[in-house]
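Only one structure is covered here, and it is reproduced in the block below.
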Amino acid sequence: MEPVQTLRIAIQKSGRLTDKTITLLENIGIKFDGYKNRLLVKALNFDVELLLIRDDDIPEYVQDGICDLGVVGANVTLETEADITVLQDLGFGQCRLSMASPVSKNIKSSKDLAGKRIATSYPVLTKKYFDSLGLDAKIIKISGAVEITPRLDVADAICDLVSTGGTLKTNGLREMETILKSESQLIRTNKPLPQHKLDLIEKFLVRIEGQQLAENSRYILMNAPKDSLEKITDIIPSLNSPTVLPLANPDMIAIHTVIPITKFWEVMEQLKDAGATGIVMLPIQNMIN
């Protein structure tokens, strides 16, 4: 059988990562003519196709070389112990794998669970956690609705994914310890790939890194007295040297720069104290370093 020449990416068919993955791809300029209710979708303007499958199957498909890349949560990759390479954290789909116990029981930490029954959809990660504590526990693998098992007396506690914690509270559970913080990742097969696919992956990564840089940065414009330039450039945590432009008033200048969004609010008051006025912050669609 002839090898697939198009770069193939496995993504979740339906779930919390699906729409965000498609949005990421569209934000880096890769367009699709619909993807819902389809298994294989070819991009309109990039030599890539999506295979939409269950997220639990993604690491194995990438490991076996059926797909070259995959977008999946770190929790899934680590649970399956797939032989893959993580290329990039993608910054969405954040969650945590946590231990939780009934509020009604006197269980304050995982150390109180020695010899107890633990229900989980992540038996590999849960066992590793208890092994790291030097504790024995009975791990019960559950495919879904893990949070209800203590109420049914199937388990004494659970190890499950948590986003906000609302589901735990609804089921009378208390979150105790986080054993893993997870987010979506771009993974790559360790099978040999032809050079044209390696080139496509490199272009793909450049686009993703540019998108992530843009999301975390803002374009800043301000006016300032010319003699304040040195003080302002010392304050600005700029990615590069700022652009300085003359204004109609010969004593004033315009300063344009890009800074991390998290830093803007930290330095805004300092900029005003240094003489900056008319400070404008604008979003950035994409950036290439």
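Quick notes on this one:
- Here is the figure for the stretch 110-154: residues that are without any contact (Cβ under 8 Å) to a residue 12 or more places away in the chain and not basic (Lys, Arg) total 7.
- When the residues of the stretch 156-185 are filtered to those that are aliphatic (A, V, I, L, M) and touching a Pro at 6+ places or on another chain (Cβ under 8 Å), the one that is farthest from Lys128 (Cα to Cα) is Leu173.
- Of all residues making up the stretch 16-36, the number that are farther than 16 Å from Phe204 by Cβ, assigned to a loop (DSSP other than H, G, I, E, B) and not charged (D, E, K, R): 3
- Residues (within 22 Å of Gly73 (Cβ to Cβ) and surrounded by 15 or more Cβ atoms within 10 Å (Cβ to Cβ)) located in the stretch 129-139: Tyr129, Phe130, Ile139
- Listed by position, the strands (runs of 3 or more DSSP E) contained in the stretch 37-120 that have at least 2 residues being surrounded by 15 or more Cβ atoms within 10 Å (Cβ to Cβ) and assigned by TED's automatic domain parsing to the domain that holds Thr164 are 95-102, 117-120.
- Residue check, Leu205 among the hydrophobic types (A, V, I, L, M, F, W, C), in the same structural domain as Ile236 (by TED's automatic domain parsing) and out of contact with any helix residue (DSSP H, G or I) (no Cβ under 9 Å at 6 or more places or on another chain): no
- Qualifying residue in the stretch 162-171 (condition: closer than 30 Å to Lys127 by Cα, modelled with pLDDT under 95 and assigned to a strand (DSSP E or B)): yes
- Within the stretch 155-180, considering residues that are without any contact (Cβ under 8 Å) to a residue 24 or more places away in the chain and under 16 Å from Gly93 (Cα atoms), the one surrounded by the fewest Cβ atoms within 10 Å (Cβ to Cβ): Thr164
- Answer residue from the stretch 140-153, given it is aliphatic (A, V, I, L, M) and part of a loop (DSSP other than H, G, I, E, B) and is surrounded by the fewest Cβ atoms within 10 Å (Cβ to Cβ) among those: Leu152
- Any hit, the stretch 222-229, residues being surrounded by fewer than 16 Cβ atoms within 10 Å (Cβ to Cβ), of a type in the set (Lys, Arg) and not assigned by TED's automatic domain parsing to the domain that holds Phe264: no
- Beta carbons closer than 6 Å, at least 6 apart along the sequence or on distinct chains, pair a first residue in the stretch 33-59 that is closer than 22 Å to Lys197 by Cα with a second that is assigned to a helix (DSSP H, G or I) and of a type outside the set (A, V, I, L, M) for Pro59/Thr77; Pro59/Thr80.
- Residue check for Ile187: over 30 Å from Phe204 (Cα atoms), in contact (Cβ under 8 Å) with a residue 40 or more places away in the chain and touching a strand residue (DSSP E or B) at 6+ places or on another chain (Cβ under 6 Å): no
- Checking each residue in the stretch 264-284 for being more than 9 Å from Met222 (Cβ to Cβ) and buried (at least 17 other Cβ atoms within 10 Å of the Cβ) picks out Phe264, Val267, Ala274, Gly275.
- Residues satisfying the stated conditions in the stretch 196-215, i.e. at pLDDT below 90 and of a type in the set (Asp, Glu): Glu215
- Hits in the stretch 181-202 (condition: in a helix (DSSP H, G or I) and surrounded by 15 or more Cβ atoms within 10 Å (Cβ to Cβ)): Lys197, Leu200, Ile201
- Some residue of the stretch 38-55 being among the aliphatic types (A, V, I, L, M) and within 17 Å of the chain's Cα centre (by Cα): no
The values are calculated or read from the model by the stated rules, or taken from the named source; none is laboratory data. No experiment lies behind these values; they were computed from the predicted model shown. Here Cβ is always computed from backbone atoms with ideal geometry, including for glycine, and neighbour counts include all displayed protein chains.
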